[in-house]
Amino acid sequence: MSTLTHAVALTVGSSIGKKALVAVTGAVLAGFVLGHMIGNLLIFAGPDAINEYGHLLQTMLHGMGVWVARIGLLACTVVHVVLTVQLTRENRAARPGRYGYDATIQATRSSRTMIFSGLTLLAFIVYHLMHFTLRVGNEYATYKTTLHGEQVHDVYRMVIDGFSWWPASVFYLIAMAMLCSHLSHGVSSMFQTLGLSTPRTMGTFRMVGRAYAALIFGGNAFIVLAVWFKWVH
Amino acid sequence: MSTIMLDAKIPAGPLAQKWTRHKQESKLINPANKRKFTVLVVGSGLAGASAAATLSELGYKVKCFCYQDSARRAHSIAAQGGINAAKNYQNDGDSVHRLFYDTIKGGDFRAREANVYRLAEVSSAIIDQCVAQGVPLAREYGGLLANRSFGGSQVSRTFYARGQTGQQLLLGAYSALSKEIARGNVQMFPRTEMLELVVVEGHAKGIVVRDMVSGEVTVHAADAVLLATGGYGNVFYLSTNAKGCNTTAIWRAHKKGALFANPCYTQIHPTCIPVSGDYQSKLTLMSESLRNDGRVWVPKKKEDCGKHPSEIPEDARDYYLERKYPSYGNLAPRDISSRSAKEACDEGRGVGPGGLGVYLDFADAIERYGKDRAGGRELPQAELQRLGKEVVAEKYGNLFEMYEQITGESGYERPMRIYPAVHYTMGGLWVDYNLMSNLPGLFVLGEANFSDHGANRLGASALMQGLADGYFVIPTTIAPYLATQKPGSVTTGHGAFREAAEAVNVRTKKMLDIRGKRSVDSFHRELGLLMWDECGMARSDEGLRRALARLPELREEFWNNVTVPGSGTDVNQELEKAGRLADFLEFGELMCIDALHREESCGGHFRVEHQYTKDDEAKKLGQAGEARRNDEAFTYVAAWEYTGDIARSILHKEPLQFEEAHLAVRSYV
Amino acid sequence: MPSLFRNFYLKTSMARTLNLHLKIWRQPGPDAGGWFQEIEASEIPETASFLEMLDIVNQKLISVSGDPVVFDHDCREGICGTCGMVINGVPHGPQRGTTTCQLHMRTFNDGDTIWIEPFRAKAFPIIKDLMVNRSGFDRIMAAGGFISVRTGAAQDANALPISKEAADSSMDAAECIGCGACVASCKNASAMLFTAAKAGQFNMLPQGQPEKHRRVLGMVKTMDEAGFGNCTNQYECEAACPKRIGVRWISKLNRDYTLAVVHDTLLAPVGKGGGEG
């Protein structure tokens, strides 16, 4: 066990180690966000496509797959949130006095609001899970449809009904804006923190981060708009 | 009255074998005993840091003091150009003997042969050591070390790290020091200034220091004291030294009995950025490596001085160094280049504000390098210029940047303006071959001693000397002294410590109590101006006597009319400055006395009465206007003893014998 | 003999001057409270450096029995790293790649208000006014910022060829002057750029390899213990660095740290110790 405790001390016990864990968990979450979005975009392929996709996720590995993913994502989220909150507290302690004249030279707005965008996202995730996964306070659990002669959950109708309620979709759009901001700094930052960026790749990674953030925002927002403007119904 | 006998303790035998023999014959101290000895090192520049680190590696307990907030900030850090070593990596005929000879000749035959030879001998090991420490010296594509040439030599033996060689070498020494601090064997005292030397029964056994944050005055006892506190250039107020550089440590030691040697030898560096106004607080040097590619000129006619340089055609320009010294050209030694610039300006041909500047022009170098890069291709002029500027930027980019920051002008677009400034002081405390002063137990290293550069130091030799003294000389030469001492025999309980600390406190209180009308800086500026006028680039009997009459008056006024605000019990930068200035005011007098007594011109000491005339030139004795030495009368080190009254300082002479180098007129024609 | 400087003073007395409104942080000691003192600085020559402007202000303060402003400075040529203050919210002021001592007043305009503050960080306690204690940097260096080679033990300098790229790159990092602007500019007061540059200099070179893992672990640990914050990749440090040290060094330190952890926990041979007898 000494190897393990040593490793823990060098990671969780050090600034760079903690950030590396934040980067790795962030990478998993960022990857999930992309997969999630691609799945959701199946809504444009019609009710059957997205319902089949939903059914596949539920039944994968005899129903175990979704739980493995959920536990993994939950763990990543917990680590990501706990460590960033801890890092933020340390950072605030490291700079007790504020400057009388506050200036920023080149730090981006998104980089300076990571904890804000992150915590907003956390709140959104809780809401989002209650809305669509736990289906608290709605009837979505009863939405059923028939696919290849089998009765499955009607994801398609759930999404349309979910976003037809404007407060939910507005919150959703705000959260996506936060996610966009979070990713535009977070993705390129991840490469830096893991030591993967070099002078030659740094610019590229920065572009990749922004493009990735824009893609996620665009894709997800498009679904909401499509529901609003009844492109899908 | 005086009983001091100067014994340089130069080892016997042929020059080339003296150091090897000396090392073999020196006493050693066994490892178990080394840890019982404590050595105080004052100063953490190249000499101090390298000595502290190396002595600690050997096992001695070391305490190291510096006035800066970190050992890494000592002013060695500002040396730009490079460090010499007789490696002969360029296969251009360099050797230990040639480096020795260049240094002796560069010093105008006023240095001790044995010391200089040893310096040349250990020069190679310094480079090895620094590279092993991770100092990123410049390299060629093949992975081997690169060299450049430097003023006063015809071989390429200078190693460099961009324009920041001093910084890199100091960081190397500082890293070695950090390693020993981590090991717990060196105790570091930053923001701590030495204010007094403690002498017990004729031996240097401790120091009194002031903590510059708390104001607390404490004493430290040891078996030996090493001073590596740099030079006294700030006596001129404006110099290329850091603001904090001072003579206090060596001056206090002098007043406690250590002889001060050759204080009049000061080096004026030719390539500094000209003064821009009376608020000016310091002068900034640009590495003279610039002279490798830059051409120095002034207009031939006074009337052209106000014109933009591009409006002055080639034939109206006087490339005076190339004209007067065809074989060395723009690489003539520092003293000669400086004096030539002064002459041109005195003739009214200086350029820039105040007419106190000469041009350093890179136009030709840019064109030449542009063509080199083009490699025979026919390219448009603009493209050649761009390529040429690229090469120049690669070599000197940071210097050009610095120049632009200070002057607001680009050196690529128009010639830089340069003017000489006080830069280095060759004089210092007298030491023997072992770097020990006449006070047993007091060792003096680097610029603080007088030993290796004679009357003029060649470029890239200061770094070499500082590191030679610290890494390679003192670790050997301290042992014979320590071997005669019982470790820890003197403690701070001795009455001499109490007395010395009391003297410091009294002095501090006295300065704080004056509450006069003039600020410390205003006195320092006046002192600087006086020294620059009368004891600067050119000195005369009349002028020196004027200065000698004025200095005691100025001192008197200082002690009656200076204002030092605040108290002595916390940070008080005015108090620090006042203490240093009080010592400069005394030291300046000794400097003028030495300059007045040395009735000759040599190296950094130029007496207007002693220069070659047109007649001498006709007789082929020397070039008119050049420094004229008087070897019959002055081939000696002038070591001054303090007697309680500076005006009555006693001169001791250490005759210089030249066995290998033959006294010759230093000609760079 | 003509007085060169005196002639000079007469001729340059007409340089353009500025009148400035200064707000300077005054704090008598580490534990005392601080405040902004408002000072009118008049007729400041534009050719003066920023520190020379403060010299002029101090001379005036002294002449009216005031308390001169304490600030760190030494070489005044941009290399010792002693000076450093935050000018209008930016360490070393508005000009990129410039130390405070090399910042010249021509950068400012007549009538400007200038805020002058000390570097603020828990790890850099204020000593007095604008002077701070940066000894944390020295402790980081003592934790591994060196190559353990004894004096005299070195081989010939050319026995180990080092590619020009590696040497140049190492030099890029080695140019760090340890002024602390990176810490001052960082909203987290992180010392990553300093530590990364110092470790990176040695880690780039073959001589630095034997101690690489040890160096990185030691320096990072000491950095954390000194109370500096964490890097959140905002790169303010790079923009504030007077020597333009790039954040690529931080990436390298992150990489080297990860490798060191892997090495230290999994790969390092388990020795029996001893061997000095």
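List the trypsin sites (Lys or Arg not before Pro) within the range A:133-218 that DSSP assigns to loop and that have no more than 14 neighbouring Cβ atoms inside 10 Å. Passing both the DSSP loop test and the Cβ count: A:Arg200. Sorting the segments B:536-544, C:182-190, B:43-51, B:336-344 by their mean number of nearby beta carbons within 10 angstrom, highest to lowest, gives B:43-51, C:182-190, B:336-344, B:536-544. Working from label points 7 Å from Cα in the Cα-to-Cβ sense, the B:Arg386 to B:Lys9 distance is 6.4 nm.
Between the range B:604-669 and the range A:181-233, the C-alpha centres lie 76 angstrom from each other. Label zone of B:Thr569 (point 7 Å out along Cα→Cβ, amide N under 18 Å): in the range C:62-89 this covers no residue at all. Shown for chain B are the DSSP H helices of 27 Å or more along their axis, judged by Cα atoms, with a mean Kyte-Doolittle hydropathy of at least 0.0: B:113-132, B:573-597. Dipole magnitude for the range C:10-128: about 200 debye, using +1 per Lys or Arg Cβ and -1 per Asp or Glu Cβ, origin at the Cα centre. Each of B:Ser214, B:Val200, B:Ala176 was scored by the projection of its Cα onto the charge dipole of the range B:164-231, and the greatest displacement toward the positive side belongs to B:Ala176; charges sit on the C-beta of Lys, Arg, Asp and Glu.
Our note on the geometry: Cα centres of the range B:35-99 and the range B:530-599, 30 Å apart.
Average partner chain C-beta neighbours within 10 Å, per residue of C:183-189?
6
Once both labels are positioned 7 Å from their Cα atoms along Cα-to-Cβ, the gap between B:Glu347 and B:Glu502 label points is 6.2 nm. When the accessible areas of A alone and C alone are added and the area of the pair subtracted, with a 1.4 Å probe, the result is around 3600 Å², both sides summed. Distant-in-sequence amide contacts of B:Cys602, defined by a placed amide H-H separation under 5 Å and a gap of 5 or more residues or a different chain, comprise B:Arg607.
What accessible area per residue, rounded to a whole number of Å², is obtained for the protein assembly as shown using a probe radius of 1.4 Å?
Here the residues of the protein assembly as shown average 37 Å² of exposed surface.
Relative to the longest principal axis of the Cα atoms of chain A, the long axis of helix A:155-164 makes an angle of roughly 70 degrees. The accessible surface of the range B:551-633, taken with every protein chain in place and a 1.4 Å probe, is 49 percent carbon and sulfur. Take the Cβ atoms of B:His308 and A:Val68, set R0 to 56 Å, and the FRET efficiency comes out at 0.15. The 3J(HN,Hα) values that the Karplus relation (6.51, -1.76, 1.60; θ = phi - 60°) gives for the range A:217-233 are, in residue order, 5, x, x, 5, 5, 4, 4, 4, 4, 4, 5, 4, 8, 6, 5, 10, 7 Hz. Gly and Pro appear as x. The amide H of C:Trp115, built 1.01 Å from its N in the peptide plane, has C:Lys23, C:Asn88 as neighbours under 5 Å, considering only residues 5 or more places off or on other chains. Sorted into 5 angstrom bins from 0, the C-alpha pair distances of the range B:495-636 split as 2, 9, 16, 15, 13, 11, 10, 8, 7, 4, 3, 2, 1, 0 percent. Between 0 and 90 degrees, the angle of helix A:64-94 with respect to the longest Cα principal axis of chain A falls at about 30 degrees.
Angle of helix C:212-225 to the longest C-alpha principal axis of chain C, folded into 0 to 90 degrees and rounded to 10: 50°. Neighbouring Cβ atoms from other chains, within 10 Å of the Cβ of residues in C:85-94, number 3 on average.
Applied to the range C:134-144, the Karplus parametrisation 6.51 cos²θ - 1.76 cosθ + 1.60 on θ = phi - 60° returns per-residue 3J(HN,Hα) values of 9, 5, x, 4, 5, 5, 4, 5, 5, 8, x Hz, with x for Gly and Pro. If you roll a 1.4 angstrom probe over the protein chains with everything in place, what fraction of the accessible area of chain A belongs to carbon and sulfur, to the nearest %? Roughly 69 percent of what the probe reaches on chain A is carbon or sulfur. Look at the stretch C:222-231: the mean tally of other chain Cβ atoms within 10 Å of its residues' Cβ atoms is 5.
Ranked highest first by average number of other Cβ atoms within 10 Å, how do B:293-300, C:21-28, C:232-239, B:422-429 line up?
Ranking, from highest mean packing down: B:422-429, C:232-239, B:293-300, C:21-28.
In order along the range C:227-233, phi translates into HN-Hα couplings of x, 6, x, 9, 7, 10, 6 Hz, rounded to whole numbers, per the Karplus curve 6.51 cos²θ - 1.76 cosθ + 1.60 with θ = phi - 60° and x for Gly and Pro. The packing ranking of peptides B:321-333, B:581-593, B:81-93, highest mean first, is B:581-593, B:81-93, B:321-333, where packing means the average number of other beta carbon atoms within 10 angstrom of each residue.
Using Cβ point charges alone (K and R +1, D and E -1), the dipole size of chain B about the Cα centre works out to roughly 1320 debye. For the pair C and B, the buried accessible area comes to roughly 7300 Å² in total, with a 1.4 Å probe and the value rounded to the nearest 100.
Of the solvent-accessible surface of chain C, computed with a 1.4 Å probe and all protein chains present, 53% belongs to carbon and sulfur. Once you place label points 7 Å from the Cα toward the Cβ at A:Val126 and B:Asn91, how far apart are they in nm? Taking the two extended label points, one gets 7.7 nm. Across every pair of non-identical alpha carbons in the range B:59-188, the mean reciprocal distance, once inverted, gives a Kirkwood radius of 16.1 Å. Rounded to the nearest 20 debye, the dipole size of the range B:272-422 about its Cα centre is 280 debye, using +1 on the Cβ of Lys and Arg and -1 on the Cβ of Asp and Glu. Across all directions, the shadow cast by the convex hull of the protein assembly as shown built on its C-alpha atoms averages 53.3 square nanometres.
Work from the charge dipole of the protein assembly as shown (Cβ charges, +1 for Lys and Arg, -1 for Asp and Glu, about the Cα centre) and give the residue of A:His62, B:Leu379, A:Leu34 farthest towards its positive end. My answer, from the dipole projection, is A:His62. The B:Gln17 and B:Arg368 beta-carbon pair, evaluated with R₀ = 45 Å, returns a calculated FRET efficiency of approximately 0.50.
Once backbone amide H atoms are built at 1.01 Å from N, B:Gln187 has B:Val62, B:Lys63, B:Cys64 as its partners under 5 Å, excluding neighbours fewer than 5 places away on the same chain. Of B:Gly603, B:Leu530, B:Pro565, which is farthest along the charge dipole of the range B:495-636 in the positive direction, counting Lys and Arg as +1 and Asp and Glu as -1 at C-beta? Among B:Gly603, B:Leu530, B:Pro565, the one farthest towards the positive end of the dipole of the range B:495-636 is B:Pro565.
The values are calculated or read from the model by the stated rules, or taken from the named source; none is laboratory data. What you see is a predicted model; the values in this text were computed from it and never measured. All Cβ positions, glycine included, derive from the backbone under ideal geometry; neighbour counts span all protein chains shown. The area values use the complete protein model at the heavy-atom level, side chains included, leaving out ligands, DNA and RNA. Shrake-Rupley method; radii C 1.70, N 1.55, O 1.52, S 1.80 Å.
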